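The values are calculated or read from the model by the stated rules, or taken from the named source; none is laboratory data. Note that this is a predicted model, so its numbers are computed, not measured. No Cβ is skipped: glycine too gets one built from the backbone with ideal geometry, and neighbour counts run over all protein chains shown. Areas reflect the complete protein model, heavy atoms only, side chains present, ligands, DNA and RNA absent. Shrake-Rupley method; radii C 1.70, N 1.55, O 1.52, S 1.80 Å.
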Amino acid sequence: MATLLAITIFLPILGSVALALIPDRDGRTSRRVAMAVALATLACSVVLLLAFRPSVEGPQFSAADKATGHYGLSWVGSDPDTRGGPDIRVAFGLDGLSLWLFVLTSLLMITAICSSWESIKERVAAHYGFLLALETGLLGLFASLDIVLFYIFFEFTLIPLFFLIGIWGGPQRRRASVTFFLYTLAGSLLTLLGVIALVVVHYQFSVDKTLTFSIPELTRGLAALDWKPWREVGSWGSPQVLIFLLLLAGFAIKVPMFPVHTWLPLAHVEAPTAGSIVLAGVLLKVGSYGLLRFNLGMTPLGAQACFPLIASLAVIGIIYGALTALAQTDIKRLVAYSSVSHMGFIVLGLFSLNQTGIDGAVMQMINHGLTTGALFACVGVIYERYHTRSMNEISGLWNRMPLLAFFLMLASLGSAALPGLNGFVGEFPILVGSYAASPTAAVLAATGMILGAFYLLWMIRKVLFGPLKEPATDGHGHGQSHEPIASAETHDHDHATSSIPPLGWHEIVGLAPLMFLIVAIGVYPRPFFEQIQPATRAIVRTIEAERQMAYEDEHPQPVQRVRRRGGGGGGAAAKKAEPKKAEPKKAEPKKAEPSKKDAEPKANTKSESKKAPAAKSEPGEASSIEKGGR
C-alpha cells in the first residue's frame, strides 16, 4: 500500500509532464489525458480509502524502515539514532485527519476538469497541466509525515494556482494572482520559522537529544518534553505561545481568518471556475489542516492561552462573512464571502479543544469542500452560458435548466446546514463543542447559521424562481422577462431559448458525485466519524496530558499528597519525600522514652528512630518492640 500511495501522489505530476510533451492543437487530446489521469488518481484514492483501518490511530500506508522503525526513506542527512545530524525523510502516510481530505482532492479534481471542458479554449494543455500539478502538491501535502516535505508541498501549491489565476482569470487576474501569492508567501515564511523552532526546541530539551523532522515523532516528543518553561504560557513571550503565533500566521492566511481574508474574494472572483473549485474546496483546508496538525497537535497550551483571541476572530469572521455575502449581487462573490463565514465555524470548532468540536470541524472541512465546490461549479455553468453572474440580470432559471436548478438548490441547502444534509452534520457538533468552551462564542456563531440560511435562500429565490429573465449577450436571451402571453411571443421565446444549451454530460459527471455525498453524509455520517475519531482522540489526549503536566508544574504540593494517598508508597518520588515529612512527626515517641526510665544507649535510640516510620502505621507493632526491649 505504501507503493500505491506514492503512485497516487505523483501520478498527476506525471500526467502534467505528459501534457507538456504531447502535441495538441485543438485541446481534445489534452482533455482526455487529463481526465484519464484524474480518474486513475481517484481510483487509487478509493482503494486506499477502502483499505484504511479505522481502529489504528497512527499513520497508515507508510513505508517504515525495518532497521530503525522510522517512517519513510532517508533523504537528507543521517539516521537520528546515530546523532550524526538531521534526518529528513521521504515519508508519506494517511490517518483520520488527512484521509478524507486526500480523497476529496482527487474527487474535486474531476469536477474541476469537467467544469473547464468547454470553457477553456486557449492553452488547453497548459491549463490542465497546472491543474494536475496542483493536485500532486495537495495530495503530497496531506500525506506528508515529515515537516520539510510538508513545507515543500505547502509552498509548491502556490505556483500552479498563481498561473491558473494569472493566465485564465478575469479582467483583474494579474492583481488577484499577485495578491494571493504575496499574502500566502509572507505567512508561510513565518510558519517556516515556527516549524524550525519546534524542531530546535525538541532537539535541545528532549531526553535523547534527537534532531528529527518526523511529524508523528515531534508530536509525541513535544507532548512529553521535560522543560518547564515549555508549559508556562502565562505571557505572550513564553516559548510555546510565540511558536504558536508563528505557525498561526501562515495557516490563518490560508484559511483565511479575519482580518487576513482580503485576498480571498478577489482571487475567487477572478479565478477560472476550475481554480475556484480547487481553491475553495481543498486549498483553504490546508490552513485548517495545519492548525489541527501543528498548532493543536504540537502547541496545545499555546492554543489554550490564545483561545479568547482566536474565538473572537472566528466569530467576527462568521458574522462579517455572512453579512457581506448578504450584501452581494454577484453570485460568485456571494459564495466567496460565504467561505469566509463557514471557515470561521471550522476554526471555532478546532479551538474548542474538545472531542465534539474537533470532530465537527474535521467533518465540516469535508462538507465545505463538497458544497462550495458544487456551488462554484454551478456558477461556472451559469457564467459560461450568460457571461454574467449578476443576480439582477438573471432569474427564473428553473424554467430553463431544471437540472442545474436542482444541483444549485441542493448545494445551497447543504451549505445552509439543513438537517438531513451534510452541513448540519458538521456545524451542529461545532456549536455543541464551542458552547462547552465558550457559551458566548457559540451563541454568536449560531447567528451566522441564521444569516447563512438567509443569504443562500435569497440567492435561490433571485436566481431560480420568478419569471424567466436572461441577459441579452451574444444572442443568449432577450434581457427581459419571458412569459407566454401570446402564441407569437411564445414562438419567439422558444427560438431564443434554443441557443441556451442544457447541462452537458461533463457538467453532470462533475456535479453528480458531489450531490450524492451531500445527501449521503447528511443521512448516514457514522462511517465518516469512525474514520476521523481515532486521530482526533489522540490530539485531545495530547491536549489533556499537557494541561495536566502544566497543572503539576504550577501546583506541585497537592499533586504529591495525592500520590502518597493513592500510591501506598509505590512511587520513587513519594519514597524520597516520605522520610523528610515523616521525621518530625515520628520523633514524638522519643520524648516519651525517658519517662519509662529506660537507660538505653544513644545508638539504640537512633536505630529505633530509623524503624519508626514503619511502626507508625501499625500501633500494635510498638507494643511488641517494647516487650522485646524489656
For this session: Say whether the condition of being at pLDDT 90 or above, of a type in the set (Phe, Trp, Tyr) and not in a loop (DSSP other than H, G, I, E, B) is met by at least one residue in the stretch 97-104.
Result: yes
Exercise. Quick check: anything in the stretch 416-424 surrounded by fewer than 20 Cβ atoms within 10 Å (Cβ to Cβ), within 13 Å of residue 331 (Cβ to Cβ) and not small (Gly, Ala, Ser)?
Worked result: no
For this session: Could you please give the count of residues in the stretch 105-143 that are closer than 17 Å to residue 509 by Cβ and either assigned to a helix (DSSP H, G or I) or touching a strand residue (DSSP E or B) at 6+ places or on another chain (Cβ under 8 Å) (or both)?
Result: 12
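Can you say whether residue 7 is open to solvent by 50 Å² or more (accessible area, probe 1.4 Å), under 20 Å from residue 120 (Cβ atoms) and in contact (Cβ under 8 Å) with a residue 24 or more places away in the chain, as far as the supplied structure shows?
Details: open to solvent by 50 Å² or more (accessible area, probe 1.4 Å): yes; under 20 Å from residue 120 (Cβ atoms): no; in contact (Cβ under 8 Å) with a residue 24 or more places away in the chain: yes.
No.
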Problem set entry | Residue satisfying all of: in the stretch 45-66; without any contact (Cβ under 8 Å) to a residue 60 or more places away in the chain, of a type outside the set (A, V, I, L, M) and not in a strand (DSSP E or B); farthest from residue 105 (Cα to Cα) among these | 66
Exercise. Does residue 468 satisfy the condition of being modelled with pLDDT under 90, open to solvent by less than 30 Å² (accessible area, probe 1.4 Å) and in contact with a strand residue (DSSP E or B) (Cβ under 8 Å, 6 or more places away or on another chain)?
Worked result: yes
Problem set entry | For residue 211: the one exception among (1) at pLDDT 90 or above; (2) more than 30 Å from residue 376 (Cβ to Cβ) | (1)
Exercise. Looking at 48, 14, which is the one that is of a type outside the set (Val, Ile, Thr), touching a strand residue (DSSP E or B) at 6+ places or on another chain (Cβ under 8 Å), closer than 20 Å to residue 141 by Cα and modelled with pLDDT of 90 or more?
Worked result: 48
Exercise. Which helices (runs of 4 or more DSSP H) does the stretch 319-438 wholly contain that include 1 or more residues that are in contact with a strand residue (DSSP E or B) (Cβ under 7 Å, 6 or more places away or on another chain)?
Worked result: 355-386, 397-400
Seminar exercise, completed: Just one listed residue, out of 317, 349, is open to solvent by less than 10 Å² (accessible area, probe 1.4 Å), over 24 Å from residue 242 (Cβ atoms) and not polar (S, T, N, Q), and it is 349
Exercise. Does residue 400 meet the test of being touching a Leu at 6+ places or on another chain (Cβ under 9 Å) and among the basic types (Lys, Arg)?
Worked result: yes
For this session: For residue 342, state whether it is within 20 Å of residue 450 (Cβ to Cβ) and in contact with a Leu (Cβ under 9 Å, 6 or more places away or on another chain).
Result: no
